[in-house]
Number of protein chains: 2
Amino acid sequence: MTAEDTPVRRRRGSSMADVARVAGVSGQTVSRVANGRANVDAATRDRVLAAMREVGYRPNSAARALRNGQFRSIGVIVFELSSFGNTRTLDAIATAATTSGYAVNLLPVLDATQGAVSTAFTRLGEQAVDGVIILIEAHQLDEAEVMLPEGLPVVVVDSSAHYDYPIVDTDQAQGARLATEHLLDLGHATVWHLGGPPSSFAAARRLRSWQQTLTERGCPVPPVLVGDWSPRSGYETGLELAADPEVTAVFVANDHMALGLLRALHEKGRSIPGDLSVVGFDDTAESAHFWPPLTTVRQSFAEVGRRSVDALIREIQAGEHHHDPVAVPTELVVRNSTAPPRKK
Amino acid sequence: MTAEDTPVRRRRGSSMADVARVAGVSGQTVSRVANGRANVDAATRDRVLAAMREVGYRPNSAARALRNGQFRSIGVIVFELSSFGNTRTLDAIATAATTSGYAVNLLPVLDATQGAVSTAFTRLGEQAVDGVIILIEAHQLDEAEVMLPEGLPVVVVDSSAHYDYPIVDTDQAQGARLATEHLLDLGHATVWHLGGPPSSFAAARRLRSWQQTLTERGCPVPPVLVGDWSPRSGYETGLELAADPEVTAVFVANDHMALGLLRALHEKGRSIPGDLSVVGFDDTAESAHFWPPLTTVRQSFAEVGRRSVDALIREIQAGEHHHDPVAVPTELVVRNSTAPPRKK
DNA sequence: GGCGATCATGTTGACGTCAACATCGACGTG
DNA sequence: CACGTCGATGTTGACGTCAACATGATCGCC
């Protein structure tokens, strides 16, 4: 409209001072109105509100943060190739944080090397956050020198017990037990297991729990198959497994690998669940529509997100350290990929 | 623990003044070192660096932002139930932004009602961001009063041409043409289409391009089937389609629906690609392991993310408005779900 | 009617950083 | 040796907000 064409566009908006001038009050009164303090005359308040609208006032959060020493913002450290679970958890974290009046700062780790993780933490130091949720698998932390700024509240979403930070995660052990017992209860002599990468604590927990459940029931423990969470690794394992008629039941550590495994079994002409029962872990949005629809263990990512934000905010606001790990229970969803073994 | 229990926990760290005191220099010199200015004596620089380490100095980004009138941070408005594509794009955005030295602020829209979208924008006003990328489907914007703070750089990731903001998106039309022509080239008389929800501009573009391709080739245009992106809606449509022997080729607007459709065809005993060829859109990580592996159109979410960040940063730094929409090309990935029609 | 309580509003300064300007010493040149 | 230059370093103030304190007006009560 006007001829004001500043070449360098510093987005200096209007400040309280501008509003104050228009409304004919002091800056402090504007501040009181902006923060909803009670001790302002109704007429004055209206005048200020009108002035705010007129000049298009929006509070400057940098100034506010500087003044208060708080950012009302939390950082979330995620690994670049955010896995299915992490994505869902991130979603829940964002929702919970927003509901609690906190902003969410994404801090991606650009690659898996030590340096990159360290860099993420360094960057963290310069970020405007009051606390951090770590969403990468803990073994990646191990390798990096974990140099978190002292006094920065942290919550780790993982199943590792190695750190001195509050921990929130799905109850991996309970979920794996659910899966294994389901297959055993159907009458299978034992259950094979396709696990995730050994570097993942979650994978380790699921594996251990599967082992333990078999042992408790007096079942033989077959050799462990190792995958890397990807459908491809499930597919490759599936090709091997299809050749062994002894195998009648498999517990796969995530649904993605289960998908690849199903494909391999189809290719080899093995019927599911007729020849082989399969249970997954996660319950992705697609799992109900695999062929056949997959029996799986449903994780409550929403709950994990919510709990971790709660824990972090409590830490931020009260300095409270909640050292008991939070384990969010899972739920078995039975579909068509599991059935009793064929009579011999 | 100690007796000093400040009720309000202000996380005041050490400031430049502290470093300056320890190093025996002025705050300004510390500032120069922190910002890598050249005109500092080497010995002095080392002394300051040592002092920084000693007191654990980290720059206060709030103060910096206040001083500079810039936050070096961009906001990304996302819809709560971030779809597969949005998640991938977000990932790419985060990576690109970080690489360019910008932080990423997540601004989730908590539900689809008008009020919620407006709230997100209002909140935006208080956020510390230099610009915004809008990742929700544009029709949701339509419904809300779009009240973006004036002068705030914005980039929209969508296929709508309704807005006065720069737009970046996958070239939906080109992708849909690729899919349709592939099926036609195999010898199918025509191609059916299971589209996404009409409210989605992306879905509309794919649909229009499919229609146009058929018309250009002089093929009959079958009635449009409408889904909602979910595997379930694909499944339901699949049940209908399986009953119609006329149908030999289907282009499904996303891989999730294609998965559901495949399941329905399996259930009805129709063979793929023997009886029916299916092409999807997206190329998710799982699509290669569907049964059968899915022929699909690969979107480059990474490219979309990168380009939108680039556009936004250019806008922020140069005030440049790039009004030509950016269309990122797709690529057809041929797998086993497509084949020539059976000879009659 | 005098005095303290209550309430609206104003004034001041500090949060941490950094651009702009000021200072000071060293060095080169005619 | 007087003067100008350049490079290192210091000093000041402003960015926008808000707590703490200050002011001044109104009201109730003995």
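The values are calculated or read from the model by the stated rules, or taken from the named source; none is laboratory data. Remember, predicted model here, so these are calculated numbers, not experimental data. Backbone-built Cβ (ideal geometry, glycine too); neighbour counts: all protein chains shown.
Some points to look at:
- Of the residues making up segment A:310-344, those that are within 26 Å of residue A:151 (Cα to Cα) and touching a strand residue (DSSP E or B) at 6+ places or on another chain (Cβ under 7 Å) are A:311, A:312, A:315, A:316, A:325, A:326, A:327.
- Segment B:30-47, residues that are within 9 Å of DNA strand C (Cβ to nearest atom) and not in a helix (DSSP H, G or I): B:35, B:37
- Qualifying residue in segment B:35-57 (condition: within 16 Å of DNA strand D (Cβ to nearest atom), crowded, with 20+ Cβ neighbours inside 10 Å and under 19 Å from residue A:129 (Cβ atoms)): yes
- Verdict on residue A:201 being in the same structural domain as residue A:176 (by TED's automatic domain parsing), of a type outside the set (A, V, I, L, M) and modelled with pLDDT under 95: yes
- Residue that is nearest to residue A:60 (Cα to Cα) [pool: residues in segment B:76-93 that are part of a strand (DSSP E or B) and more than 9 Å from every other protein chain (Cβ to nearest Cβ)]: B:77
- Cross-chain or 6+ apart pairs with Cβ under 6 Å, segment B:20-38 first and assigned by TED's automatic domain parsing to the domain that holds residue B:54, then near DNA strand D (Cβ under 8 Å from one of its atoms) and outside any helix (DSSP H, G or I): B:20/B:26; B:32/B:40; B:33/B:40
- Top-ranked residue in segment A:274-287 [being more than 7 Å from every other protein chain (Cβ to nearest Cβ) and aliphatic (A, V, I, L, M); ranked as farthest from residue A:230 (Cα to Cα)]: A:276
- Looking only at segment B:18-30, and only at residues there that are within 10 Å of DNA strand D (Cβ to nearest atom) and surrounded by fewer than 17 Cβ atoms within 10 Å (Cβ to Cβ), the one that is farthest from the other protein chains (Cβ to nearest Cβ): B:24
- Checked against the criterion of being among the small types (Gly, Ala, Ser), surrounded by fewer than 17 Cβ atoms within 10 Å (Cβ to Cβ) and in the same structural domain as residue A:190 (by TED's automatic domain parsing), the candidates A:253, A:243 yield just one match: A:243.
- For segment A:48-72, the candidate set comprises residues that are closer than 17 Å to residue B:149 by Cα, of a type outside the set (Gly, Ala, Ser) and not in a helix (DSSP H, G or I); within that set, the residue that is farthest from the other protein chains (Cβ to nearest Cβ) is A:57.
- Close pairs (7 angstrom Cβ cut-off, 6 or more residues apart or separate chains): over 9 Å from residue A:62 (Cα atoms) in segment B:54-73, more than 11 Å from DNA strand C (Cβ to nearest atom) and β-branched (Val, Ile, Thr) anywhere: B:54/B:22; B:55/B:22; B:73/B:129
- Residue that is buried (at least 19 other Cβ atoms within 10 Å of the Cβ) and farther than 16 Å from residue A:92 by Cα, where the choices are A:309, A:297, A:333, A:328: A:297
- Filter pass, residue A:319 being within 12 Å of chain B (Cβ to nearest Cβ) and either among the acidic types (Asp, Glu) or surrounded by fewer than 18 Cβ atoms within 10 Å (Cβ to Cβ) (or both): yes
- With respect to the stated conditions, residue A:96 is in a helix (DSSP H, G or I), more than 9 Å from chain B (Cβ to nearest Cβ), in contact with a Gly (Cβ under 7 Å, 6 or more places away or on another chain) and crowded, with 21+ Cβ neighbours inside 10 Å.
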